[in-house]
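The values are calculated or read from the model by the stated rules, or taken from the named source; none is laboratory data. The structure presented is a predicted model; accordingly, all values stated were derived computationally and were not measured. Glycine gets a Cβ as well: all are built from the backbone with ideal geometry, and neighbour counts include every protein chain shown. Heads up: the accessible areas ignore ligands, DNA and RNA and are worked out on the full protein's heavy atoms, side chains in. Shrake-Rupley method; radii C 1.70, N 1.55, O 1.52, S 1.80 Å.
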Amino acid sequence: MSRLSLDTTTAAEKTAAALYQSVQLRMAVTPTSVCPVEIASAYAKLCHSQSCGKCVPCRIGLGQLGELLDEVKTGHGSEATLDLIERTARSIKNSADCAIGYQAAAEVLRDVIAFRPDFENHLEKGYCLAPHQGIPCVRECPAHVDIPGYIALIGAHRNDEAVQLIRQDNPFPTACAFVCEHPCENQCRRNIVDKSINIRGLKTYAVDNAAIDILPMPKAAPTGKKIGVIGGGPSGLTAAFYLQLMGHSVTVYEKRHHLGGMLRYGIPSYRLDRHDLQRDIDSILTTGVQVHMDYDIASVADFQKLQADNDALYIAIGAHSDKKLRIPNEDAQGVLSAVELLRGIGDHKMPDFSGKKVVVVGGGNVAMDVARSSVRLGAEKVTVAYRRRQEDMTALPDEVQGAIAEGCVIAELMAPIKVEVDDQDQATALWVQPQIVGPYDRKGRPAPRDAAVDPVRLEADIVIVPIGQNVDSDMFEAAGLPRKWQNLAASNATDFPDNAGIFSGGDCVTGPATVIKAIAAGKVAAANMDSYLGFNHHIHADIDIPDPQLNDPVPCGRMALKERPAAARRQDFENMALPTSDEEAAQEAARCLRCDHFGYAAFRGGRETQW
């Protein structure tokens, strides 16, 4: 008889693994607006089912915790029940043997403390204070674009109307088709079946195949009101677009030679072709928006004159100043600002990096942009030095993998300590201190710390610093507008409570963020400025959305966006994206589960046809 035998996976174990996989996928797409009491109750029971039964706090305590949470959920508890839940959770957290018990209790405790008003409302009225769930992908999109609507239109081969519907909430459909970070895909319920819909890919297909650009609605009658917009980036132009459609007279004051802001001066043309960007800008300008280029609001007197000349102002100046590393010799020759480099490229001023060794500091999307741009500018070698792990980079994974494919080297866990220079004050190397990962920080990433090894020398003719951007807001503070650090301290409604008629949004308020968040701020500002001026205009596209197909959601592979081969695209700044075929788009559109029609969103939230 054999003493040992090899383990084999039984059918029951395979089924259990698939069930856990399904639970994991469902939790990943659970919207934050779901009732926190129901989530806490379900979570405690799930964790209780994982208990091995060895320790009492986990075996008995989690069961009791689930029952107490059910009492609150059904409205049968009291304030004393909430206090007992907290004490029980603390006790389990401090006494359970393993993470199954103490981590479960810690999460329930955090939930009860954070959502105490929801728990109390359950006791009083039987339901929580959570907002309506709506459509998952639409709620996750900062601009609340009608995503299932335009996907259905694409599936019906109505691309012109699909782009028109997008413009109801986002006047940059073409730009966002190429550079949006697509947070909508994170909450796509198709993840429960297989993989999320390639929403950005379908948007790209729609803008590539739309024959004409149609405004979401005809312009309203003139109101006689004048509005000034300071900054011609995505947020400023979004506000100008919708305010002009509402009938107001809008003038944009742009400091630089071209409109577009960071879409032009922060994103290289291989990601966003300038003709595609100009297509969106031209569509905005067809509404009658007036533009003054090379117009710098440099003094308080300039700002006050704009105030006097307009009924309302929207400040959307972005974040165009670079941050410093604060290390020795960072002002040496050969040390470049990523902001200035990309700004020059945006104005078609291409430096020659032929034969140069380039080191880029940072791990965000801007770092990937300048690294990949350096390759295209002829650099012999491009190294990206990042103080955390590659998996902790804030850049999109596709951007990191694209940089690697084009020949960039990722030097992870390397923190810059000084720039080495020669006797001509020319950079010759970047010295970095190797790091090791440590405890998690407040943002949920392992915080690096210095490793007990010697610094490393990275040879460099050029060092590029893309670690962040600042807002040039000193003048606005001098004009009486509040600030938080360098950012303008506008409210979530984009206004300043103590400065009537002045609004602000985008990166100059939030700090460097995403294009779609800047667009969302412009949309919010347009609605609230219209109300401030005494009007109640609504933006609506009035497009009939096709009925959903009554097909079972059979698992199907996700459409992949295609790009030119790395060896070819690294040679130039031409658009690296390849078109999607009609067949691929039709199949991908058919994968949409139409959450706007089926499920909770159909009667709680549903489609918002105007704003």
To the nearest µm²/s, what D does Stokes-Einstein give for the chain at 37 °C and 0.692 mPa s, using the Kirkwood radius over alpha carbon pairs as Rh?
-> 121
Counting Lys +1, Arg +1, Asp -1, Glu -1, what net charge surrounds residue 409 among other residues with beta carbon under 13 Å of its beta carbon?
-> -1
Based solely on its DSSP helices, what 222 nm [θ] is calculated for the chain when runs of n ≥ 4 H residues each add -39,500 (n - 2.57) and the sum is averaged over all residues, nearest 500 deg cm²/dmol?
-> -11500 deg cm²/dmol
Hey, which lysines would be in cross-link range of residue 305, C-alpha to C-alpha under 22 Å, not counting anything within fewer than 8 residues on its own chain?
-> 225, 226, 255
For the stretch 34-125, accessible area per residue (1.4 Å probe, heavy atoms of protein chains only), Å² | 50
Take the alpha carbon atoms of the stretch 82-100, find their center, do the same for the stretch 535-567, and report the distance between the two centers in whole angstrom.
-> 45
For the stretch 261-293 and the stretch 204-256, distance of Cα centres in Å | 12
If you take the C-alpha gyration tensor of the stretch 183-250, multiply each eigenvalue by 5 and take the square root, what semi-axes do you get, largest first, in whole Å?
-> 34, 15, 12
Sorted by packing (mean other beta-carbon atoms within 10 Å per residue), highest first, where do 471-477, 223-229 land?
-> 223-229, 471-477
By the gyration tensor of its Cα atoms, with a ≥ b ≥ c the square roots of the eigenvalues, what is the shape of the stretch 322-469: rounded for a/c under 1.5, prolate for a/b over b/c, or oblate?
-> oblate
Once phi for every residue in the stretch 430-439 is put through the Karplus expression 6.51 cos²θ - 1.76 cosθ + 1.60 (θ = phi - 60°), the whole-Hz ³J(HN,Hα) values, with Gly and Pro written as x, are 10, 8, 10, 9, x, 10, 10, 6, x, x
Using a simple charge model, +1 on the beta-carbon of Lys and Arg, -1 on the beta-carbon of Asp and Glu, nothing else, what dipole does the chain show about its Cα centre, in debye to the nearest 20?
-> 1120
Magnitude of the charge dipole, the stretch 310-381, Cβ model with Lys/Arg +1 and Asp/Glu -1, debye to 20 = 320
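Taking only the C-alpha atoms, wrap a convex hull around the stretch 90-219 and report its volume per residue in Å³ as a whole number.
Cα convex hull per residue, to the nearest whole number: 178 Å³.
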Report the antiparallel proportion of the DSSP beta bridges in the chain as a percent, rounded to a multiple of 5.
-> 40
Tell me, Kirkwood radius of the stretch 362-437 from alpha-carbon pair distances, in Å?
-> 13.0
Expressed as a whole number of Å, what is the distance separating the alpha-carbon centroids of the stretch 341-401 and the stretch 107-167?
-> 36
Of the accessible area of the chain, computed with a 1.4 Å probe and all protein chains kept, carbon and sulfur make up a percent value of 51
By how many nm would the segment from residue 156 to residue 95 lengthen if fully extended, with 0.36 nm per residue of separation less the alpha-carbon distance?
-> 16.1 nm
With the 8 Å Cα cutoff and a minimum separation of six or more residues, the stretch 153-244 has a relative contact order in percent of 35
Counting sequence-distant residues (5 or more places) and residues on other chains, those with an amide H built under 5 Å from that of residue 383 are 358, 359, 360, 409
In Å², what does the accessible area per residue of the stretch 355-451 work out to with a 1.4 Å probe?
-> 43
When only Cα pairs under 8 Å and 6 or more residues apart are kept, what is the percent relative contact order across the chain?
-> 16
Farthest toward the dipole's positive end in the chain, which of 556, 102, 156, given Cβ charges of +1 (Lys, Arg) and -1 (Asp, Glu) about the Cα centre?
-> 102
About its Cα centre, what dipole magnitude does the stretch 322-469 give when the only charges are +1 on Lys and Arg Cβ and -1 on Asp and Glu Cβ, stated in debye to the nearest 20?
-> 520
State, to one decimal in nm, how far the label point of residue 298 lies from the label point of residue 389, with both points 7 Å from Cα in the Cβ direction.
-> 5.0
Pull up all non-local amide H partners of residue 563: gap of 5 or more, or a different chain, and H-to-H distance under 5 Å with H placed in the peptide plane.
-> 578
Which whole-number percent gives the relative contact order of the stretch 203-253, counting Cα pairs below 8 Å spaced six or more residues apart?
-> 41
Which cross-chain or sequence-distant (5 or more) residues have an amide H under 5 Å from the amide H of residue 315, H modelled 1.01 Å from N in plane?
-> 230, 503, 504, 505
